[in-house]
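In what follows, a single structure is set out as structure tokens and then discussed.
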């Protein structure tokens, strides 16, 4: 088993299914487990799991997003800022219209809760530069 695979796959929040709907915006394999959703209140809470090395493309949301690391080791980076390591219990509030990416460390599984409240529109951009990602440790 790979580093942190057991803790991600057996998280209290569930593991989810292959994230095929968003696969074109990810490098590597991710999994999505919807935890709570209410269209009237415009609330969505999901557990997103990433295999080692998996991360999403640069993107931005029209509303704020909250990321809560729940298992494994991962990364979050806002454009123009240094990437920050995410470990279980770490929380990041991504302000609306902030170009960013998040995903697993190159040698570890990772899972985070993604929470959004409001009408969200997401704009997707280029993938994370491979050479820059490989420098993260």
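The values are calculated or read from the model by the stated rules, or taken from the named source; none is laboratory data. Owing to the predicted nature of the structure, the values given are computational and were not obtained by experimental measurement. A quick note on method: Cβ atoms are made from the backbone with ideal geometry, for glycine too, and the neighbour counts reach across all protein chains shown.
Worth pointing out:
- Breaking point among (1) at pLDDT 95 or above; (2) touching a strand residue (DSSP E or B) at 6+ places or on another chain (Cβ under 6 Å), for residue 96: (2)
- Some residue of region 1-23 being under 13 Å from the mean Cα position of the chain (by Cα) and part of a strand (DSSP E or B): no
- 1 or more residues touching a helix residue (DSSP H, G or I) at 6+ places or on another chain (Cβ under 7 Å): qualifying strands (runs of 3 or more DSSP E) within region 72-137: 110-117, 122-124
- Residue in region 75-86 that is touching a strand residue (DSSP E or B) at 6+ places or on another chain (Cβ under 9 Å), surrounded by fewer than 19 Cβ atoms within 10 Å (Cβ to Cβ), under 16 Å from residue 114 (Cβ atoms) and in contact (Cβ under 8 Å) with a residue 60 or more places away in the chain present: no
- Of the residues screened, residue 66 is one that is within 13 Å of the chain's Cα centre (by Cα), modelled with pLDDT of 95 or more, under 18 Å from residue 33 (Cα atoms) and surrounded by fewer than 16 Cβ atoms within 10 Å (Cβ to Cβ).
- Scanning region 109-136 for residues that are more than 21 Å from residue 72 (Cβ to Cβ) and free of Cβ contacts under 8 Å to residues at least 60 places away in the same chain turns up 129, 131.
- Hits in region 24-49 (condition: within 24 Å of residue 119 (Cβ to Cβ) and outside any strand (DSSP E or B)): 24, 25, 39, 40, 41, 42
- Considering (1) under 14 Å from the mean Cα position of the chain (by Cα); (2) surrounded by fewer than 17 Cβ atoms within 10 Å (Cβ to Cβ), the lone condition that residue 31 does not fulfil carries the number (2).
- Condition met for residue 47 (touching a helix residue (DSSP H, G or I) at 6+ places or on another chain (Cβ under 6 Å) and closer than 26 Å to residue 3 by Cα): no
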